[in-house]
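Encoded as structure tokens, the structure appears first; notes follow it.
We did not get these values from a lab; they are worked out from the coordinates using the rules stated. Since the structure is predicted, the reported quantities are computational estimates derived from the model, not experimental observations. Cβ placement follows ideal geometry from the backbone for every residue including glycine, while neighbour counts extend to all protein chains displayed.
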Amino acid sequence: MIVVVLASAVFSVGLYVVLVRRDLVAILAGVELMLGAANVLLVALASVAGSFTALVESAGALVIVLAAAEAAVGLALVIAAVRRSGRSRTDEFTEVSG
Amino acid sequence: MTLEMTALIAGSLLLALGALGVLLVNEAMRLVIALGGFLLGVALLFVYFAAPFLAVAQVFVYVGGVLVLFLFALMVLRRGSGDITLLATRHDVGAAVTATAVFGLLVIALVPESGGLWPVPPDVAGSVAADLLGPRIVPFELAGLLLLVALVAVLVIVNGGDAE
């Protein structure tokens, strides 16, 4: 239960970071918090339920791969956005096109 | 104190402190360090839950890969360690209420299913390789394809920005 409550709290902290941070890199870090907490919850709950099998470990590995791809594309988007506009804060992007 | 309990305590501490660091620090490099601590904490919790494959993958992919990507991004964006203004935070009551509500929902939904106070480490899981290369071969190959597509997307996004 300790780990489940802790991982739930970390997921909520990640959500709060995504909502309140203005910097694009910090927002991506918040998303990483949420993905890591979700993976811990997956393994912890499967362990408690007595159904921790190779399937759960495979699913956790796939989550790690998806998170790595998300981080790579997300950081590339951040770099492209900063190069094009010179801005890196979400409240500085006021145009939806062009 | 057994190795598992050490991993549980150290992993929980790193998880909590890393998450708080990502939330509270205003310096880019310290944010990456806090994120690294959080990711190491996740790996230690995987060790506690007898998932060594996940722990190693977490260290290799996240700490060795994603964290380096973050450092590269900071380097490209030319942010030094003394930069404290670009990570300004606007604390918001609505966001805090939303995050707290999500935490409450998760606790209400998951804690009744989570057994006793301290989780019991499971027995060693079956062969992950046999599972990934057997019945899970399709999602495994799709994950590889996804990584390839992500790599191409990164190149297109970054080079496209250069061209313009």
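So what is log10(I(q)/I(0)) for the protein assembly as shown at q = 0.08 1/Å, when the Debye sum runs over its Cα atoms only?
Result of the Debye calculation: -0.33.
With angles folded into 0 to 90 degrees, how steeply does helix A:24-48 sit against the dominant principal axis of chain A? Use alpha carbons for both and round to 10.
Long axis of A:24-48 versus the principal axis of chain A: about 10 degrees.
Please compute the net charge surrounding A:LEU55, taking Lys and Arg as +1 and Asp and Glu as -1 over other residues with Cβ under 12 Å from its Cβ.
With Lys, Arg at +1 and Asp, Glu at -1, the net is -1.
Peptide B:142-155: average number of partner chain Cβ atoms within 10 Å per residue? Working shown, then result.
Working: counts 2, 9, 1, 0, 6, 5, 1, 2, 10, 4, 0, 5, 9, 1.
Other-chain Cβ atoms within 10 Å of each residue's Cβ, averaged: 4.
Can you compute 3J(HN,Hα) from phi for each residue in the range A:7-20, using the Karplus curve 6.51 cos²θ - 1.76 cosθ + 1.60 with θ = phi - 60°, rounded to whole Hz and x for Gly and Pro?
5, 5, 5, 5, 4, 5, 4, x, 4, 5, 4, 4, 7, 9
Just subtract the alpha-carbon distance of B:ASN26 and B:LEU3 from 0.36 nm times their residue separation and send over the number in nm, one decimal.
On the way: separation 23, 0.36 × 23 = 8.28 nm, distance 3.48 nm.
So the extension gain works out to 4.8 nm.
Tell me, what is the percent relative contact order of the range B:3-89, built from C-alpha pairs under 8 Å that lie six or more residues apart?
Averaging sequence separation for qualifying contacts and normalising by length gives 35 percent for the range B:3-89.
Translational diffusion coefficient, Stokes-Einstein: compute it for the range B:3-89 using the Kirkwood radius over C-alpha pairs as Rh, at 25 °C and 0.890 mPa s, and state it as an integer in µm² s⁻¹.
182 µm²/s
Compute log10 of I(q)/I(0) for the range A:2-92 with the Debye formula, placing one identical point scatterer on every Cα and leaving out solvent, at q = 0.18, 0.21 Å⁻¹, to two decimals.
Evaluating at q = 0.18, 0.21 Å⁻¹ gives log10 I(q)/I(0) of -0.82, -0.99.
With an 8 Å cut-off on Cα pairs and a minimum separation of 6 or more residues, tell me the relative contact order of the range A:2-92 in percent.
Result for the range A:2-92 is 31 percent.
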